Every structure is written in C-alpha cells, then in structure tokens.
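Below: one structure in structure tokens.
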Amino acid sequence: MVEDLEYLAQQLREGSAGERKYAVDLLAKMGSAALPFLHSALMDRNAEIREKAAEALGEMGEEQSIPALKNALSSPEAGVRLKAAQALGKIAREPALPALCEALHDPETTVRREAVKALGRISHFPVAVSALIEALQDDDTEVRSWAVQGLGRSGQPSVVSALVETLSDSEWVRAQAVTALGELKATESLHLLGEALGDPEPHVRTAAAQALVKLDQEAIPTLFKALQSPHFWIHAAAMEALLKIGEKALPELEKALENQPAEVCVRIIEIFEKLRYTPIVPLLIEKLPSSVLEVKKQIIHALGILKDPLALDGLLAELQSPLPELSTEAAQALGQLASPQAIPALKQALQAPVSELRSAAALALGRLGAQEAIPELLQTLSAPEQEVRSHVAKALGMINGPAVSAMLNKLQEPDFVHRAQIINALGEMRDRQAVPSLIQTLQETDAELRFLATRALGEIGAPEAKSALIQALRDTEADIRYLAVKALGKLGDNEAVPALIECLNDPDEHVSTQAAQVLKRFDHPLTQMALAAAQEKKNHAHLRAAALDDFSA
C-alpha cells in the first residue's frame, strides 16, 4: 500500500498528463491515506487533472479536504471551480460555508448553481440561510430555484417572507416556492397557496395542491374556498388535495352540502364517493328527492359506488324517473348495489322505450346474476338497437351457465330474428358450451344464419370446431368462406393448411387474399411453396401482394 502510494505520488510529480490522470483515478480508490496526494493534485498545472482530483475528493467526502477545495474555488478555470463547488456540496460540513457563500458571486453561472445546491444541503446553518436568501436575487432562474429549495429544507420559519416574495417570479421558481412553503407548514401563507391553485402553469397548481396537503387540517378552509371556484383547474386541484387529506376534511364538506350551489355540491359528493365514505349515505338519501338534476345524478352515482343497502328504495324510485339520465344512472347503481330485491324493477325496465335504460337494466341484471331474468333478457335480444343487444349478451354472459342453456334451447325455435340475435350473443359470450349447436347451425339452408354461426365460432376460437370450419371453406357464400379462413387462422392448427392452400385459388379475391395472409402464420412445409406460387399469379395483384408481404423477409 505504502509503496503504491509512493509510486503514484511520483507519477503525480513527474509523469505525463496521461499518467497523472491515471494516478488520480487510482488514488481515488485508496481511501484517506491518499488524501494528501489528491490535495496536491488540486494544484496540478493541468486543469483536467485538477477537476478529476476535486471530483474524487467530493466522492470521498472527508472534512479535511475542505481547505484544499476552498483554494480550488479560486482557480482561473470555471470547470475546476465547478467541480470544487460540487465536492464541497457532497462533503456538506460547516467549514465549507464561507467558500460556498463566496462562490455565489462567481461570474460563471454553472459554478453559482453548484454553490447554491451545496448550500441547500446544509441550510440548517444560519449562514447558509442568509446566503440562500441573497441568492434569490441572482439573475439566473435555476440559481433562484435551487435557493428556494434550500430555504424550504432549512426548517426556519424566518424564511417564509423571503419565499413569499418569490411567488411572483418565473414559473419554476414559483413552483419551488409553494413547495417550500408546504414543507415549512407556513400557515401564514395559506391564502397565497390558495391563490397559487389558480396559477396559469399546471406544475405550479400541482405544487400548490401538494403544499396545502402538507398543511393538513389547517388548509381545509382554503381548499374548500377553492373548491367553489368556477375555474376547472382551481376546483380540480382543490378536490385532489382534499382527497389526499381524507376523512379529516369530510365534516366541513358534509355541512356545506346544505347551502352550496349545485355545481359545488356535485364536487363535494364526488369527494365522498371517491373516499368511499359510507356515513354520508343517509344524508344523500335525504337530499335525493329534492335535489336539482345534476346533483341528483351525482347522488345516484355515489350511492351505487358506496353500495349501502339503505339506498335501495331511493334508487328504485329514481328508476321510475321520466328523465332518462336519472333512470339509467339508477339502473347502473342498482347493479352495483347487489340487492336481489331490485331484480323485478330491473326486469320491468327492460321494456322501457329508452334504449340506454334497457342497456343499463340488462347489465345490472347480469351483475346481479339474475337467473330469473333470463327469459326477459332473451326476449330483449330482439331489440332493434345493436348496443342494447350487445349489453344483453354481456349480461347473459355474466349469468353464464343457466343463460347459455336457455339460449341454446331458444336456438331451436323457428323465429329467424330471435335465432340470429342468439347466435350473435353466443359469439360475444365466447362460451364453448355453444360450439356444438353453432356447428349444427352451419348446416342451415339460410345463408345469414350460417354466416352468423361461422363468425361466432371464430369469436369463440374452439379447437373442436376445426373440422366444421374446414367444411365451411366450401360454402357457396364467399362471406362465409372468408370468415371460415379467418377462424382457422385464429385456431392455428396445421391440419387446416391443405384446405387453406386450396383457398388461394378461391374465385373471390377477398377469400384468396385472406388465405394468403393467414397461411403466413403457419409453420408448415407446404406454406412456403404455396405462397411462392401465389406470387406468380399475374392477374391477381391483391393475392400477390398478400403472399409477398413480409414473406420474403
């Protein structure tokens, strides 16, 4: 060890620039015994070596290096001064304060930035606080921003007035200032933090909301005032902060429900809802009949989220509302409430003239697992609106087993429209119980039923349908052959490859092109030869393109 140090010391005295750099790198790994040599390296004639030495001393973090680094702050090269300031910041001891305070007057901006960062790490010392307050006057935004951060970490209430003055500075300084005021829990600046919620810059508003959260209960009146603002970004930031403060904010908000305008009541109810505050349910139920439309709608939504059985009667009453937005919201809430007592009313709602209500009622019955509603849901599959039919299919899928059995029984009835809707629903449900009946439907004389059954089998993706789908490749209808090709591609069974290769010669361009696309997914010895042959078909441009796309790669 000693011999190594002596050798490296000699290299620092007599070696080339490259050797001296290498010596500094090695000394940096040798602990406190190497400190004197690294201190000497701070006086090297090469600025790059002095920078490396300062950096190494900063990483070692020894207080005894402070005098040497203080001297390096007087270097004519800005890079050396920068590294020295960084190193003093990492050492972060009181003896470094005078040099760092002096560095705040360095002509080089980057040096001042490092000095102010370093002072921020030791801002619990009064000298550092004074220097940081002085740095608030620097002409560089970043220096001022770091100074504000350092003052926020100081824990000194005396810096609040200086921080308040920076609230009119640039956006980044303002954001740091409101953050610092929050860290200091400066209650005297509450009104200013409330005003900062309306700052034109989003990150300042976010910082203000976070600062008010740190002030906890003290901030609730300020946040409640901001919640009443007509400006979205202000009341949204206030709501976010109140949510983070949590249940401590709720008593005051509960009282406010009695006398606030509708738009504010909506925001308050949303807070109760997001906090899952169930004690508010009786008051919401009480207010429900007499509230204006927008408040009613929010109350209904909240009652569904809160899932309190006490809300059942009120929601059933709103299900009968002549206003679709209320009855639909009530149906959705009843589905979340999970009360079997709602099933009769929801079944009745399936007959409503408003499609949105029928959709919501169907989904609610599905969530409730209402097996007794299966006949009504099956009947609603004949609705003219595709959205209603889709929601009914989802509802039947939620009920699952018993619903599928009932649907398969209905599939044997002669009513064409009803059969078509059931097939569609079975495809959407993706229940493999339906596969045998759908395969049987592929033998129907009606082309539309065969089309729907082929599509449903493709959606279900059941391997047991493979043979039937291969047979469907010979259907007289091109649309059915096309769907069968897609379905077999989804199954990915190599046994389908010969039949799919035959489809490359299909008279319908869409079928042959789809077959080429599908065959590229198979790892089968025949596919490469078949696709290469398809590329030679000069009168089939789309087929050639499909066979070529990504294939040669």
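Just so it is clear, none of the values below were taken in a lab; they were calculated from the coordinates. Remember, predicted model here, so these are calculated numbers, not experimental data. Cβ placement follows ideal geometry from the backbone for every residue including glycine, while neighbour counts extend to all protein chains displayed.
Sort out for me the Cα centre separation of the stretch 306-332 from the stretch 339-353, rounded to whole Å.
11 Å
Quick one: THR187, THR454, THR380, fewest Cβ neighbours within 10 Å first, how do they rank? List each step's numbers first, then the result.
Details: THR187 13, THR454 30, THR380 24.
Least crowded to most crowded, the residues run THR187, THR380, THR454.
At a 10 Å Cβ-Cβ cut-off, how would you order ILE269, ILE399, ILE470, fewest neighbours first?
Working: ILE269 25, ILE399 22, ILE470 19.
Fewest to most other Cβ atoms nearby, the residues stand as ILE470, ILE399, ILE269.
GLN514: net charge of surrounding residues, Cβ under 10 Å, Lys/Arg +1, Asp/Glu -1, itself excluded? Before the final figure, lay out each step's value.
Working: positive: ARG481, LYS486; negative: ASP506, ASP508, GLU509.
Local charge sum for GLN514: -1.
Give me the lysines in straight-line cross-link reach of LYS70: C-alpha distance below 28 Å, same-chain residues under 8 apart excluded.
Of all the lysines, those that pass the test against LYS70 - Cα under 28 Å, at least 8 places apart if same chain - are LYS21, LYS29, LYS52, LYS83, LYS90, LYS117.
With Kirkwood's inverse mean 1/r over C-alpha pairs for Rh, give me the Rg to Rh ratio of the stretch 437-549, two decimals please.
The Rg/Rh ratio comes out at 0.97.
Sticking with this one: Given a cut-off of 26 Å, name the pairs among LYS410/LYS490; LYS297/LYS410; LYS255/LYS307 whose C-alpha atoms lie farther apart than that in the structure shown. Numbers along the way, then the final one.
Numbers: LYS410/LYS490 28 Å; LYS297/LYS410 38 Å; LYS255/LYS307 22 Å.
Checking Cα-Cα distances, LYS410/LYS490; LYS297/LYS410 exceed 26 Å.
How long are the three semi-axes of the equivalent ellipsoid of the stretch 345-389, in whole Å, if each is the root of 5 times an eigenvalue of the C-alpha gyration tensor, listed from largest down? Don't skip to the answer; put the middle values down first.
Details: eigenvalues 46, 22, 17 Å².
Those come to 15, 11, 9 Å.
Here is a further query. From the Cα gyration tensor of the chain, with a ≥ b ≥ c the square roots of its eigenvalues, which class applies: rounded if a/c is under 1.5, or else prolate if a/b is larger than b/c, or else oblate?
Working: a/c = 3.92, a/b = 1.56, b/c = 2.52.
In terms of gyration-tensor shape, oblate.
Rounded if a/c is under 1.5, else prolate if a/b beats b/c, else oblate: with a ≥ b ≥ c from the C-alpha gyration tensor eigenvalues square-rooted, which is the stretch 184-261?
Oblate shape, in that a/c is at least 1.5 and b/c is the bigger or equal ratio.
Choose one of MET30, PRO107, ALA47: the residue whose Cα lies farthest towards the positive end of the charge dipole of the stretch 1-122 (beta-carbon charges +1 Lys, Arg; -1 Asp, Glu; about the Cα centre).
Result: PRO107.
OK, next. Can you tell me the Rg and Dmax of the stretch 1-122, counting just the alpha carbons, in angstroms?
13.9, 43
Under Stokes-Einstein, with the Kirkwood radius over Cα pairs standing in for Rh, what whole-number D in µm²/s applies to the stretch 338-487 at 4 °C and 1.567 mPa s?
Stokes-Einstein gives a translational diffusion coefficient of 83 µm²/s.
How big is the gap, in Å, between the Cα center of the stretch 54-96 and the Cα center of the stretch 229-264?
50 Å
Moving on to the next point. Volume per residue, Å³, of the convex hull around the alpha-carbon atoms of the stretch 296-367?
On the way: hull volume 4.8 nm³, N = 72.
That works out to 67 Å³ per residue.
Let me ask something additional. Listing ARG50, ARG81, ARG153 from the residue with the fewest other Cβ atoms within 10 Å to the one with the most, what is the order?
On the way: ARG50 23, ARG81 26, ARG153 16.
If I rank by nearby Cβ atoms, fewest first, I get ARG153, ARG50, ARG81.
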